[in-house]
1. Looking at the chain only, what percent of DSSP beta bridges run antiparallel? Nearest 5 please.
2. Give the lysines whose C-alpha is closer than 28 Å to that of Lys212, dropping any in the same chain fewer than 8 places away, or say none.
3. Counting only helical runs of four or more DSSP H residues, what would the 222 nm mean residue ellipticity of the chain come to if each run contributes -39,500 (n - 2.57) and the total is spread over all its residues?
4. Answer with one residue from His309, Val155, Ile115: the one whose Cα lies farthest towards the positive end of the charge dipole of the chain, charges on Cβ with Lys, Arg +1 and Asp, Glu -1.
5. Compare Asp36, Asp264, Asp242 in a GNM of the chain, Cα atoms joined below 10 Å, and give the one with the largest fluctuation.
6. Within the range 273-321, report the trypsin sites (Lys or Arg not before Pro) that DSSP leaves as loop and that have at most 10 other Cβ atoms within 10 Å.
7. Return the carbon/sulfur percentage of the accessible area of the range 123-191, one whole number, probe 1.4 Å, all protein chains in place.
8. Give me the percent relative contact order of the chain, please, defined on Cα pairs under 8 angstrom at least 6 residues apart.
Amino acid sequence: MNELLVDSPFRQDILKGLSANPKYLLPKYFYDARGDELFQQIMHCPEYYLTQAEAEILSLQSRRILERCANTSGQFDIVELGAGDGSKTIFLLQEALRMQCSQQYYPIDISPSMIAYLNQNLGAKLPGMQVSGLAGDYFDMLEQLQTANDQPKLVLFLGATVGNMLPREAVQFFQQLKSFLRQGDHVLVGFDLKKNPQTILDAYNDKGGLTKAFNLNLLQRINRELGANFQLHQFSHFPVYDPITGSCKSYLISTCDQRVTFDDDTVIAFERDEPIYMEVSQKYSKTEIQQLASQAGFKPVESFYDSRHQFADVLWRVSSE
Ligand SMILES: C[S@@+](CC[C@H](N)C(=O)[O-])C[C@H]1O[C@@H](n2cnc3c(N)ncnc32)[C@H](O)[C@@H]1O
């Protein structure tokens with residue numbers, strides 16, 4: 001076994017999660033090359049309304065969003081946390097070029113293949129925009145960026161990725177984010193709104209089985225990268241939505257008593273019906289979004305909704321007022 005891999009953060013996090021009670025895995029590890037592909041497919045499946053809703057906001061309201069930023073910041077760099085394929089962000093970047101308020105885009109993503117894709121393809125589609133992708137964890141990359149330049153910033157955190165945290169974790173996340181920003185900088189956050197519970201549950205339980213495959217792919221990744229022997233067909237996918245808390249949680253359930261062995265001889269035992277908690281997709285009310293801004297110390301500027309009010313892109317400013 002490669003010694004470097006023995007202590008890799010991936011191995012440590014996976015073994016820590018699978019040794020916990022209840023067992024869990026971290027959603028940031030969904031995104032290997034196959035996970036990226038599956039997520040692109042989920043974004044286009046009929047039940048996953050989030051993508052269309054946010055694309056509608058950004059295609060129709062980017063000018064207004066950027067005007068609100070340019071009011072205080074003039075020229076600014078655009079930084080995106082968890083950029084994915086940038087397919088919705090492009091509307092905002094095109095508008096920024098037209099308005100001449102930004103010529104620099106820094107997409108940050110933990111997936112190196114997504115960053116390679118953006119570096120190669122986005123610049124060609126956006127003549128005049130400098131695309132400088134950063135592959136790594138949000139705050140590690142923000143730190144690199146902070147030492148590299150001190151331009152005013154608009155930070156995008158789109159696609160309801162904030163929902164992969166529970167509300168109390170989101171407060172801490174935004175407090176930490178604020179420590180990288182300056183007075184007058186802006187943050188645009190995509191929130192999925194609370195709505196008909198069945199609509200939400202269907203989005204995480206698509207008929208085509210893409211969400212199931214996306215979850216199982218993490219077990220496949222563990223098999224490949226950590227020499228484990230998960231039998232994928234011995235796990236079922238189980239999403240639940242609680243309309244009071246707004247948490248939609250996904251689990252993989254062990255369908256039998258089983259033992260999984262890793263290449264370092266670690267053995268993880270599963271009982272029949274034992275869950276692995278895979279991810280939360282947190283939904284928010286408009287009031288809860290306001291509360292989050294105030295707890296994290298941001299000043300709400302304006303909220304932008306799709307025509308069906310399913311989704312919100314919310315603009316906050318760093319301000320001492
Ligand atoms: C739900 S997807 C959203 C992608 C895109 N923003 C969109 O709206 O389509 C989350 C993205 O965040 C990235 N990501 C997840 N955890 C991350 C982390 N800790 N640091 C950097 N990127 C992360 C994933 O690789 C993935 O591309």
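The values are calculated or read from the model by the stated rules, or taken from the named source; none is laboratory data. Here the structure is a predicted model, which means the values were calculated and not measured. Cβ coordinates were reconstructed from backbone atoms using ideal geometry, including for glycine residues, and neighbour counts include every protein chain displayed. When the accessible area is computed, the model is the full protein with side chains, heavy atoms only, and any ligands, DNA or RNA have been set aside. Shrake-Rupley method; radii C 1.70, N 1.55, O 1.52, S 1.80 Å.
1. 65
2. Partners within reach: Lys16, Lys23, Lys28, Lys88, Lys194, Lys195, Lys249, Lys283.
3. Helices in the chain give a 222 nm mean residue ellipticity of -13000 deg cm²/dmol.
4. Ranked along the dipole, the leading option is His309.
5. Asp264
6. Answer in residue order: no site qualifies.
7. Percent of accessible area from carbon and sulfur atoms in the range 123-191: 46.
8. RCO, the chain: 21 percent.
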